[in-house]
Every structure is written in structure tokens, then in C-alpha cells.
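Shown next, in C-alpha cells, is the structure this report addresses.
Derivation of every value follows stated rules applied to the coordinates shown; laboratory data play no part. Computed from a predicted structure; not experimentally measured. Every residue, glycine as well, gets a Cβ built from its backbone with ideal geometry; the counts of neighbours run over all protein chains shown.
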Amino acid sequence: MNFDYGNILTRAFQITWKHKSFWLFMMFPMLIASIMFIAFAAPVFLFSENDEMIGLVFAGWLAVLVLGSIASLIFNTAGITSLTLGILRTERGEGSTSFMDLVRDGFPYFGRALGVVLIIQLSIGAVFTVFFLCIALLSVVTMGFASICLQPVIILLTPLSFLVVAVMDAALVAVIDEDMGAWESVKRAIQVIREHVWKFIVISLIVYFGSTILTSFFIFPAMIPAMMGPVLMESGVDVSGPMVAVIFVPFICLFFGIMSLLTGVTGTFMTSALALSYLRLTRTAGSEVVFASDEPKNATS
């Protein structure tokens, strides 16, 4: 089958731009991360001078870490499942693509989608996590020398990390579009990506670098409030108490607001491009999506 990169990227952009409600599905993890950051940072300002509260602060941090990780896993899985369903319905031109309809109709696939996410994260993802933790530990021991020496290995692993994302997105398409179980979907996704590995790498690299360039244009202005702190300290200004709130509260709101929006846009575009690539390569573009409801729905934007 003729694999047209331009057609896939153009179609992915059309889906991303037309269905702006899809962005919300990819904003969930960043919103949860912002809540976790505030929960971690607040005790530092509130109890920094109270040594008796240190134990309670550490217990609170541990609770935030555990509960935040669980919430992030659940909301991220639910979001990407509904997003994938929305992309498939848009590509087919059948079924409702409204936000609440996709949330409701995505529930029947949530269990298998969560299984896909756990299988990938506890296998391939765990290997990457252990590797980068080892690099971090060696960097601390060798004062950064290990990270410099291992840069070629890290660069070689970058395409593999993109393939992990591709496997997850392809497996979720298989869950919804081909009505497969979690294990079968992962094996199906690995089989397709292994047969067309370079196509997925090229698509992922194009989207990744394009998203990075777009993100950089918006992140730098958002970092200006944070840069004011060191400048004021060098100028002899007492940066403490209310001054910290004046500088960093607007920064936190601006930074996480922009990052959430950019994550929603770029995440939707990446997921759309990978899902469409899987559909094109498996010749399923003409088949019907398995909907959560047997009742026909009118397509809406």
C-alpha cells in the first residue's frame, strides 16, 4: 500500500484543528501534574520554618505522589481512549464526536485500554525507567561524566521511545476498531510496527520536532516571571514572603495553563498521526468502528 506521509500529517492536522474538544482529553495529565506540583510546593512556603511539621509534610508528599500517580493513570487512560474513539469516528464519518458522547462511549473500552497501558508500562516502559534511573545515579556518582559518555546510547534510544508511544496508540486502535483484548492488541500493534518500523519512526520524528519547535515559541515567554527571581536577588531585593507569591504565583498559573494547552494540541496531533498510520497500514480505512452503542448518532464537531 502507498504510504503518503503528507496525506497522513495533513489529515491529522485537520482532525486536530477541527475538533478542538479533543484537546481536553490530552490535557488531563498536565492538569493533574499542576495540582501535584502545587501540593508539593505549598508546604514549602507554609511550613518552611516549622520543624515540627516536617514529618507531616513528608507524609503528605507521599500521599500526593501515590494518589496523583493513580489519578494520572486513570485519567490519562480514559482520555486517550476517548480521543482514539473520536479520531476513528472522525475518519469514518460516523458517530458523535462531541466531548461528552466520547467520554460516555469510551467507558466500555476502558478496562482493555488500561490493560494495554499497564502491559506496555510494566514491560517496555519499565526497562526505559530503570535505564534512565541508572544514568541519573551514575551521573550523581561521577558528577555528570557518565551522562556525557552515555549520550550516544541515549540518542539511539530516542527512536525506540517513539516506538513505545506508537505501540500504545496502535494497540488502543486495535482495542476499539478491531474489538481485541489487551494482550491481542499489544501483539497486533507490535507486529504491524515491526513490519513498518521506519514509517512509524519517521512520522513520530516529524511530529515530535514540529511540536518541540511550536512549544518553544510559547514556553520562553512563560518563563520570564521565573527569571525575575534570580535577577531581583542579584539586585539586592529581598525575595521572600509576599514577594515570592507575587513572582511565582502568576508564573505557575501562566506556565501550567500554556503547557496544558500545548500538551492538548500536540498530544492530539501525535495520537491522530499514529492512529491514521496504523489504519492506513492495516488497510482498515473502510471498515466500521465498533461503537459503544448500537443506536446511530449524528456526527457533530
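Full-extension gain between residue 217 and residue 179, please, as 0.36 nm times their residue separation minus the C-alpha to C-alpha distance.
9.6 nm
Any chance you could run the full-extension gain for residue 134 through residue 7? It's 0.36 nm times the residue separation minus the Cα-Cα distance, nm to one decimal.
Here the answer is 41.6 nm.
Of the listed peptides 70-83, 200-213, what is their order by residue-averaged count of other C-beta atoms within 10 Å, with the highest listed first?
Order by mean packing, descending: 70-83, 200-213.
Given R₀ = 25 Å, FRET efficiency for residue 69-residue 100 by Cβ-Cβ distance, to 0.05?
0.40
Run the numbers for residue 62 and residue 127: contour at 0.36 nm per residue of separation, minus the present Cα-Cα distance, in nm.
Taking residue 62 through residue 127 to full extension adds about 21.0 nm, to one decimal.
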